[in-house]
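Below is one structure, written out as structure tokens; comments come after it.
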Amino acid sequence: MIRKKSTKITSNEIGYNDDKKNIIAAIEEAKKELQECRDYFEFVDEPVLVDYAIYKEAAAKSKYAYLIEQAKKLGIKVNGFSMHIDEEYVE
């Protein structure tokens, strides 16, 4: 079951230094990468490429989760974030 929920990261708040702005940019890039992985998975039909797509998506999920955790540690507000890797759900 996949539920869509938008993620909003507030990057224009006063006091965001370059490190915080960089992690926000990295999160946005990771979201794009994750979507590209999902699109690729839908496109391929060769068993080897399906396996590759699965591993690539798993790596993208891990990267995204790591960046979200780092953002939270830096005090960056992350609204609407949900991630359930066990259920193959990331948003």
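Taken over the stretch 41-69, the residue count meeting the criterion of being under 30 Å from K20 (Cα atoms), surrounded by 15 or more Cβ atoms within 10 Å (Cβ to Cβ) and among the aromatic types (F, W, Y) is 1.
Applying the condition of being in contact with a strand residue (DSSP E or B) (Cβ under 9 Å, 6 or more places away or on another chain) and open to solvent by 30 Å² or more (accessible area, probe 1.4 Å) to the stretch 81-91 and asking which residue is modelled with the lowest pLDDT yields H84.
The requirement of being modelled with pLDDT under 70, surrounded by fewer than 14 Cβ atoms within 10 Å (Cβ to Cβ), touching a strand residue (DSSP E or B) at 6+ places or on another chain (Cβ under 7 Å) and not in a helix (DSSP H, G or I) is fulfilled somewhere in the stretch 8-25, by at least one residue.
The values are calculated or read from the model by the stated rules, or taken from the named source; none is laboratory data. Treat the numbers as computed from the prediction; the structure is a model and nothing was measured. Glycine gets a Cβ as well: all are built from the backbone with ideal geometry, and neighbour counts include every protein chain shown. With ligands, DNA and RNA removed, areas are computed over all heavy atoms of the protein, side chains included. Shrake-Rupley method; radii C 1.70, N 1.55, O 1.52, S 1.80 Å.
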